[in-house]
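Below you'll find the structure I mean.
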Amino acid sequence: MDPTLAARTLTAATEIATAALAGEDPAVVLDLVVRAAAELAQADLGLVMAGNPDGSLTVEAATGAPEPDPVGLVLSARSSAARVARGGVPIVVDDVTTDPRTAPYVPRELSVYGPFAAAPFGTRESRLGALTVYRKRRAEPFETDTVDMLTAFAAQAGLVLVLAEGATARNRVDLYEERDRIARDLHDVIVQRLYAAGMQLDLLARRPTRKLPKRDATRLSDAIDQLDTAIADVRAVVRTLRTPDPAEPTADLAESAHAEVDTARELLGFAPSLDLAGDIRGVPVPVADNTRAALREALSNVVRHAGAMRVAVHLRRTPTTLRLTVADDGCGIPRGVTKRGLQNIRERAENAGGHCEIRSSPRSGTTVTWEVPLN
């Protein structure tokens, strides 16, 4: 290869590597690749084509193209460029519209060109597609040195993109792990403390032996409402942090259930029993969030109203459903008590495609059965 051409190729590859490894937008990097390839090959048109699962190629970036823009154009899996992408062997022809290896599959948009060369884009282990260059009809064909340069450049640029993609994936994993750690801290520490503080204030406000002046009672009620709002806000942040990627995330519901039961133990003065059955740790995040909220609301009603001596929590996962049961031996749901919390539990179940059954009597206590599908 001509030393001057080799030096220019190295300079272009370095510029592309710097942009890709710095996290530049992939579209910008591909634009750098195709512009450099066309300039080095002294071509009128340069295209970067990405491989599709069916073997065809889609034009992802172009330079020097006339209207209409060929970006988005799909080339047949039997085209010469697609064969280059799969086989890893470059091709060069004097006229793309007459050579029998290329002519049958030339799109109408590219029929104004003659000399053509294509090189595999990517690495042997990760073939991304093809890098192609064209010259107008009756122009000089591409020389051997030019094709060698194009092949080396396409391999270097493809390797850089593969490495950059790997680095981006690692950074994304690190970011997700850090977000998950923050979410855990918010839920397991901040939310639990806010919840416990709100319950303590609520119990204080309900004690008949400590009658508060109306103004102080109003302030106490406002403080409880603000704590409830703060809990809801923090939980919304936790949901956002824990679902940065839409690809089927899961949550550790078992850990959350233990945390909710521990908080109830502090407020009740005894430990509710907790029975987990099935793979509770792999529940999808939306289901886990709804279940956690239902458990917290059910335990909150026990703390506030039941006067129970025993509380049992059962959480069972089947292949298709998740069932939560909270049973106590208290006085049942007193008349005149607002049932907003229980209504919230029902609505959560119905919105998730499930159902909620609440049975209550002064003799047997209250049992909340909450069940939702996992799909």
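The values are calculated or read from the model by the stated rules, or taken from the named source; none is laboratory data. Nothing here was measured: the structure is a model prediction, and the numbers come from that model. Every residue, glycine among them, receives a Cβ derived from its backbone with ideal geometry; neighbour counts consider all protein chains shown. All accessible areas refer to the heavy atoms of the entire protein, side chains included, with ligands and DNA or RNA removed. Shrake-Rupley method; radii C 1.70, N 1.55, O 1.52, S 1.80 Å.
Are any residues in the range 116-142 surrounded by 15 or more Cβ atoms within 10 Å (Cβ to Cβ) and either of a type in the set (S, T, N, Q) or without any contact (Cβ under 8 Å) to a residue 12 or more places away in the chain (or both), and if so, which ones?
The answer is Thr123, Thr132.
Could you say which residue among Val287, Val326, Val261, Val303 is surrounded by 15 or more Cβ atoms within 10 Å (Cβ to Cβ) and assigned to a strand (DSSP E or B)?
Working: Val287 fails: assigned to a strand (DSSP E or B); Val261 fails: assigned to a strand (DSSP E or B); Val303 fails: assigned to a strand (DSSP E or B).
Answer to the check: Val326.
Kindly provide the set of residues from the range 353-370 that are of a type outside the set (Ser, Thr, Tyr) and at pLDDT 85 or above, ordered by number.
Those that are of a type outside the set (Ser, Thr, Tyr) and at pLDDT 85 or above: Gly353, Gly354, His355, Cys356, Glu357, Ile358, Arg359, Gly365, Val368, Trp370.
Look through Val92, Val71 and report the one residue that is modelled with pLDDT of 90 or more, outside any helix (DSSP H, G or I) and open to solvent by 10 Å² or more (accessible area, probe 1.4 Å).
Values: Val71 fails: modelled with pLDDT of 90 or more.
One residue alone meets the criteria, Val92.
Find the residue count for the range 143-159, including only residues that are open to solvent by less than 20 Å² (accessible area, probe 1.4 Å) and in contact with an Asp or Glu (Cβ under 8 Å, 6 or more places away or on another chain).
0
β-branched (Val, Ile, Thr) and touching a residue at least 40 places away in the same chain (Cβ under 8 Å), is that true of Val112?
Working: β-branched (Val, Ile, Thr): yes; touching a residue at least 40 places away in the same chain (Cβ under 8 Å): yes.
In short, yes.
Cβ-Cβ under 6 Å, sequence separation 6+ or interchain: first residue in the range 24-41 and within 12 Å of Gly64 (Cβ to Cβ), partner modelled with pLDDT of 80 or more and hydroxyl-bearing (Ser, Thr, Tyr). Which pairs?
Val34/Thr63; Arg35/Thr63; Ala38/Thr63; Ala41/Thr146
Can you tell me which of Thr369, Thr320, Thr291, Thr263 is hydroxyl-bearing (Ser, Thr, Tyr) and in contact with a Phe, Trp or Tyr (Cβ under 7 Å, 6 or more places away or on another chain)?
From the options Thr369, Thr320, Thr291, Thr263, the qualifying one is Thr263.
Any residue that is at positive phi and not in a loop (DSSP other than H, G, I, E, B) - is there at least one of those in the range 118-131? Write out each step before concluding.
At the first step, the residues of the range 118-131 found to be at positive phi are 122, 129.
Filter once more, so that each one left must be not in a loop (DSSP other than H, G, I, E, B): 122, 129.
Yes: one or more hits.
Can you name every residue in the range 244-258 that is modelled with pLDDT under 80 and surrounded by fewer than 19 Cβ atoms within 10 Å (Cβ to Cβ)?
Pro244, Asp245, Pro246, Ala247, Glu248, Pro249, Thr250, Asp252
Ok, one more. Which of (1) outside any loop (DSSP other than H, G, I, E, B); (2) within 24 Å of Asp252 (Cα to Cα); (3) open to solvent by 20 Å² or more (accessible area, probe 1.4 Å) does Ala293 not meet, given it meets every other one?
Here Ala293 clears every test but (3).
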